[in-house]
Amino acid sequence: MLDDLLVVGFDLQMQREVHMGEKPVEQWRELGYGRMETVVCFYCWRGIDAPAGTKVPLLARGRIGGLVRPHFAHPAGTAPPGGYNPETVWHINAKHRLARWAARSLTSRGFGWSSGPTGSTAAPTSTSPSATAPTWLWRPSAS
């Protein structure tokens, strides 16, 4: 199912969202379903289509060069009926990809990120008194 390929993990030990590309599949397998079970479904944990705090340990599926790209998936019978709302999944994935890109971009310019009290928000912080934050994350090209 396509929705399975869009599942984002949440690492209970690090208290942050995680994505398949951050570590090799074998490492995610050790942290997922049937083993340490510290990587759970981000959507279920945050209360999207399930009660908040629902712990669904994820499977790490696929392999480099295999028929299916590496991805997180719910164990059989643990996903919400009908899957997640695709617009919600796309929104969360886009938000997290943008945040990762911005963190890398700002870090290379002398900025860092500090999490809010709940860890759900982030704000840029300068590590250099002369550094200035970029005004635009995206700017339309002149035609």
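Could you tell me which of the residues LEU137, LEU106 is crowded, with 16+ Cβ neighbours inside 10 Å, aliphatic (A, V, I, L, M) and modelled with pLDDT under 75?
Result: LEU106 is the single residue among LEU137, LEU106 that is crowded, with 16+ Cβ neighbours inside 10 Å, aliphatic (A, V, I, L, M) and modelled with pLDDT under 75.
Which numbered condition in (1) modelled with pLDDT under 90; (2) in a helix (DSSP H, G or I); (3) open to solvent by 40 Å² or more (accessible area, probe 1.4 Å) is the only one that GLU30 fails?
Of the numbered conditions (1) modelled with pLDDT under 90; (2) in a helix (DSSP H, G or I); (3) open to solvent by 40 Å² or more (accessible area, probe 1.4 Å), the odd one out for GLU30 is (1).
Quick one: what pairs do we get from the range 6-19, first residue more than 11 Å from GLY32 (Cβ to Cβ), second among the hydroxyl-bearing types (Ser, Thr, Tyr) and at pLDDT 95 or above, C-beta under 6 Å, 6+ apart or different chains?
Pairs that qualify, where the first residue is more than 11 Å from GLY32 (Cβ to Cβ) and the partner is among the hydroxyl-bearing types (Ser, Thr, Tyr) and at pLDDT 95 or above, are LEU12/THR38; GLN13/THR38.
Any residue at all in the range 84-91 that's over 15 Å from LEU6 (Cβ atoms) and either at pLDDT 90 or above or not aliphatic (A, V, I, L, M) (or both)?
no
Looking at the range 60-70 only, could you name the residues that are open to solvent by less than 40 Å² (accessible area, probe 1.4 Å) and either closer than 15 Å to GLU22 by Cα or not small (Gly, Ala, Ser) (or both)?
ALA60, GLY62, PRO70, listed by residue number.
For the range 33-44, enumerate the residues that are part of a loop (DSSP other than H, G, I, E, B), in contact with a strand residue (DSSP E or B) (Cβ under 8 Å, 6 or more places away or on another chain) and either in contact (Cβ under 8 Å) with a residue 60 or more places away in the chain or surrounded by 12 or more Cβ atoms within 10 Å (Cβ to Cβ) (or both).
Selection gives TYR33, GLU37, THR38.
Out of the range 38-57, which residues are on the phi < 0 side of the Ramachandran plot, of a type outside the set (Phe, Trp, Tyr), in contact with a helix residue (DSSP H, G or I) (Cβ under 8 Å, 6 or more places away or on another chain) and modelled with pLDDT of 90 or more?
Step one: filter the range 38-57 for residues on the phi < 0 side of the Ramachandran plot, giving 38-46, 48, 50-52, 54-57.
Adding the requirement that they be of a type outside the set (Phe, Trp, Tyr) leaves 38-41, 44, 46, 48, 50-52, 54-57.
Restricting the remaining residues to those that are in contact with a helix residue (DSSP H, G or I) (Cβ under 8 Å, 6 or more places away or on another chain) gives 38-39, 48, 50, 52, 54-56.
Once the filter is applied, which keeps residues that are on the phi < 0 side of the Ramachandran plot, of a type outside the set (Phe, Trp, Tyr), in contact with a helix residue (DSSP H, G or I) (Cβ under 8 Å, 6 or more places away or on another chain) and modelled with pLDDT of 90 or more, the range 38-57 yields THR38, VAL39, ALA52, THR54, LYS55, VAL56.
The values are calculated or read from the model by the stated rules, or taken from the named source; none is laboratory data. Source: prediction; values computed, not measured. Note that each Cβ is placed from the backbone with ideal geometry, even for glycine, and that neighbours are counted across all protein chains shown. These accessible areas exclude ligands, DNA and RNA; they are computed on the full protein's heavy atoms, side chains included. Shrake-Rupley method; radii C 1.70, N 1.55, O 1.52, S 1.80 Å.
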